[in-house]
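The values are calculated or read from the model by the stated rules, or taken from the named source; none is laboratory data. Just so it is clear, the model here is predicted, and its values are computed rather than measured. Ideal geometry is used to build each Cβ from the backbone, glycine not excepted, and the neighbour counts take in all protein chains shown. These area figures cover heavy atoms from the full protein model, side chains too; ligands, DNA and RNA do not enter into them. Shrake-Rupley method; radii C 1.70, N 1.55, O 1.52, S 1.80 Å.
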Amino acid sequence: MRPDPSKLPYRRCVGMMVLNRDGQVFVGRRIHFEANESWQMPQGGIDDGEDLREAALRELAEETGITKVEVLAEAPGWFTYDLPAEALGIALKGKFRGQTQKWFALRFLGTERDINLAQHQPQEFDAFRWVPVDELVELIVPFKRDVYRQVVEAFHHLARPS
């Protein structure tokens with residue numbers, strides 16, 4: 001029996017759109033995803049009392065090893081998605097109905113050698129690639145696409161060569 005989503009809170013987290021010098025967006029392929037390939041931008045939880053920008057930089061470093069970045073922008077609001085019914089009570093440790101996210105756009109200042117997907121355990125991604133911003137939404141699992149559309153709208157103007 002699945003929990004009633006109206007009785008579950010949203011998990012607060014940060015998301016990071018990392019743009020390379022060519023204006024392309026970093027996406028990682030999720031490990032242990034039961035369906036087909038699942039690509040997404042880095043994201044992660046906010047610790048109690050943690051500054052949002054610091055949380056974004058910490059999560060980015062943990063998931064990708066990327067530390068050489070410049071913060072370009074912060075989305076003006078929070079973007080929220082609900083988990084699909086089949087994931088309720090399972091995903092996000094079964095405690096949340098979905099996530100509400102504060103997104104940041106960052107410019108990657110390093111090289112490919114500065115990316116280490118095994119930086120932190122458990123590892124989130126087993127591969128990465130850089131994609132044009134206009135292709136981003138279609139790569140994402142359907143239940144997150146509305147959030148990704150909002151992120152693209154907020155940061156599309158930054159997705160250009162630097």
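Okay, residues lined up against (1) open to solvent by 80 Å² or more (accessible area, probe 1.4 Å); (2) in a strand (DSSP E or B); (3) at pLDDT below 95; (4) within 20 Å of Gln121 (Cα to Cα):
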residue	(1), (2), (3), (4)
Met16	no, yes, no, yes
Gly23	no, no, no, no
Asn36	yes, no, yes, no
Leu57	no, no, no, yes
Glu74	yes, yes, no, no
Glu86	yes, no, yes, no
Yes or no: Leu136 hydrophobic (A, V, I, L, M, F, W, C), farther than 15 Å from Val18 by Cα and surrounded by 19 or more Cβ atoms within 10 Å (Cβ to Cβ)?
no
Between a residue in the range 135-162 that is touching a residue at least 40 places away in the same chain (Cβ under 8 Å) and closer than 23 Å to Val71 by Cβ and any residue that is in a loop (DSSP other than H, G, I, E, B) and of a type in the set (Gly, Ala, Ser), which pairs come within a Cβ distance under 7 Å, given they are 6 or more apart or on different chains?
Ala159/Gly23; Arg160/Gly23; Pro161/Gly23
Kindly indicate whether any position in the range 107-125 is under 16 Å from Glu59 (Cα atoms), in contact with a Phe, Trp or Tyr (Cβ under 6 Å, 6 or more places away or on another chain) and either open to solvent by less than 60 Å² (accessible area, probe 1.4 Å) or part of a strand (DSSP E or B) (or both).
yes
Within the range 38-55, the residues that are in a strand (DSSP E or B) and either buried (at least 18 other Cβ atoms within 10 Å of the Cβ) or among the aromatic types (Phe, Trp, Tyr) (or both) are Trp39, Gln40, Gln43, Gly44
State all residues of the range 88-125 that are modelled with pLDDT of 90 or more and β-branched (Val, Ile, Thr); if no residue qualifies, say none.
Thr100, Thr111, Ile115
